[in-house]
1. Note down all Cβ pairs under 7 Å where the first residue falls in the range 49-65 and is at positive phi, the second is of a type outside the set (Gly, Ala, Ser), and they're at least six residues apart or on different chains.
2. Would you confirm whether any residue within the range 117-130 is over 20 Å from the mean Cα position of the chain (by Cα), of a type in the set (Lys, Arg), closer than 30 Å to Ala271 by Cβ and within 16 Å of ligand 2 (Cβ to nearest atom)?
3. Mind checking which pairs have a first residue in the range 107-136 that is within 19 Å of Ala148 (Cβ to Cβ) and assigned to a loop (DSSP other than H, G, I, E, B) and a second that is small (Gly, Ala, Ser) and within 8 Å of ligand 1 (Cβ to nearest atom), Cβ under 7 Å, 6 or more apart or different chains?
4. If the Cβ limit is 6 Å and pairs must be 6+ apart or interchain, which residue in the range 188-199 that is over 19 Å from Glu220 (Cα atoms) pairs with which residue that is more than 8 Å from ligand 2 (Cβ to nearest atom) and of a type in the set (Val, Ile, Thr)?
5. Do we find that Thr253 is more than 16 Å from ligand 1 (Cβ to nearest atom), in contact with a Leu (Cβ under 9 Å, 6 or more places away or on another chain) and within 30 Å of Arg104 (Cβ to Cβ) in this structure?
6. Kindly indicate which of Ile76, Ile90, Ile176, Ile103 is touching a residue at least 24 places away in the same chain (Cβ under 8 Å) and within 16 Å of ligand 2 (Cβ to nearest atom).
7. Report, by residue number, each residue of the range 216-249 that is surrounded by fewer than 19 Cβ atoms within 10 Å (Cβ to Cβ), of a type in the set (A, V, I, L, M, F, W, C) and over 17 Å from the mean Cα position of the chain (by Cα).
8. What are the residues in the range 275-292 that are more than 14 Å from ligand 1 (Cβ to nearest atom) and either of a type outside the set (Lys, Arg) or surrounded by 22 or more Cβ atoms within 10 Å (Cβ to Cβ) (or both), if any?
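Just so it is clear, none of the values below were taken in a lab; they were calculated from the coordinates. Note that the coordinates shown come from a computational prediction; the quantities given were computed from them, not determined experimentally. Glycine also receives a Cβ, built like all others from the backbone with ideal geometry; neighbour counts cover every protein chain displayed.
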Amino acid sequence: MSETGVLSRLRQGLSKTSDALTDGLATAALGKKELDAELITELEDRLLLADVGIETTTKILDDLASRVRRKELDNIEILYDALQESIAEILAPCNKPLLMRGIRPFTMLVVGVNGAGKTTTIGKIAQRLVNHRQSVMLAAGDTFRAAAVEQLQAWGEKTNVPVIAQGSGADSAAVIYDAYQSAQARNVNVLIADTAGRLHTQQNLMEELQKIKRVMQKIEAAAPHETLLVLEAGTGQNAIKQAIEFHQALNITGLCITKLDGTAKGGVVLAIADKLKVPIRYIGVGEAVKDLRVFDAHNYASALLGREAINAAIV
Ligand SMILES: Nc1nc2c(ncn2[C@@H]2O[C@H](COP(=O)(O)OP(=O)(O)OP(=O)(O)O)[C@@H](O)[C@H]2O)c(=O)[nH]1
Ligand SMILES: [Mg+2]
């Protein structure tokens, strides 16, 4: 796919949110000499509907007002330019792509609530790494849900990557420990461990994840090198609650926000960035492998406004 094609896919993936944010906005701004109260209310409503949340919305609008002060809004692009900059600034602290160099095996523990997209994201990341000529191994740490092991094995076959698994009902920490040893023995670059979905409110299940971390640390103190929390964008403000709880229990080092293609609530990424400041590593804008994107603050800000991405290097 050409670079423009890939970039358009991001815009397309976020189109539900960008349509809700921008449709008819040009008409609302028509003839305005400045960012007046009416236009601010209009923008505020749209940002809130996109699940940006009240605090972050206020922050963005204050920043926007200072950017367009004394500027003629005779052209809607001036407003969009300023809004895009305000949004990109909120996202900037989370703009830290995952670097896996120098550690072997680099270990990733993938966690999140039921159905957030963990296993699919693992498959997509595996394919990405394979494309970059990295050797990968997957650990079937979801020993709870029926058919979870088979689902990961199917990704293993699709991406041509080995999957370490035991029977369902096995101890998740033991499976991941074995996989870690095996990854070391085989000199694999990256080990990615799947886990069963769980609610952030289920104390005993959160403790199970802490145990998995401890067991991995028996092999190497710095493991897991990435604890990736997968959040579904469509859950809106609840995603923030999940993130706070998972972070408290596990010290999350990165986020992946999925299913942005299926929701008009893509603004929640701004609220998450503003509140948590945890690096957003990837976003999911569809079910296919190519729909996992490395998060880039500028590209995201422009796609949110239905514009073509600026940073063509990050695809
Ligand atoms: N549209 C869309 N669908 C996605 C995306 N990511 C995952 N999915 C779909 O979401 C569904 C659930 O994905 P899984 O990967 O099984 O989720 P999970 O978190 O592993 O689920 P559990 O293991 O049951 O907790 C699947 O049908 C995926 O294809 C995305 O970015 N966009
Ligand atoms: Mg799963």
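1. Qualifying pairs under 7 Å: Asp51/Gln237; Asp51/Lys265; Asp51/Val268; Gly53/Gln237.
2. Checked against the condition, which is being over 20 Å from the mean Cα position of the chain (by Cα), of a type in the set (Lys, Arg), closer than 30 Å to Ala271 by Cβ and within 16 Å of ligand 2 (Cβ to nearest atom), the range 117-130 yields no hits at all.
3. The qualifying pairs are Gly112/Gly197; Val113/Gly197; Asn114/Gly197; Gly115/Gly197; Ala116/Gly197; Gly117/Gly284.
4. The qualifying pairs are Thr195/Val111; Gly197/Val113; Leu199/Val113.
5. On the way: more than 16 Å from ligand 1 (Cβ to nearest atom): yes; in contact with a Leu (Cβ under 9 Å, 6 or more places away or on another chain): yes; within 30 Å of Arg104 (Cβ to Cβ): yes.
For Thr253, the condition - more than 16 Å from ligand 1 (Cβ to nearest atom), in contact with a Leu (Cβ under 9 Å, 6 or more places away or on another chain) and within 30 Å of Arg104 (Cβ to Cβ) - is met.
6. Details: Ile76 fails: within 16 Å of ligand 2 (Cβ to nearest atom); Ile90 fails: within 16 Å of ligand 2 (Cβ to nearest atom); Ile103 fails: within 16 Å of ligand 2 (Cβ to nearest atom).
Of the residues listed, the single one that is touching a residue at least 24 places away in the same chain (Cβ under 8 Å) and within 16 Å of ligand 2 (Cβ to nearest atom) is Ile176.
7. Hits for the range 216-249 are Ile219, Ala221, Ala222, Ala249.
8. Quick first cut of the range 275-292, residues more than 14 Å from ligand 1 (Cβ to nearest atom) only: 275-279.
Of everything in the range 275-292, those that are more than 14 Å from ligand 1 (Cβ to nearest atom) and either of a type outside the set (Lys, Arg) or surrounded by 22 or more Cβ atoms within 10 Å (Cβ to Cβ) (or both) turn out to be Leu276, Val278, Pro279.
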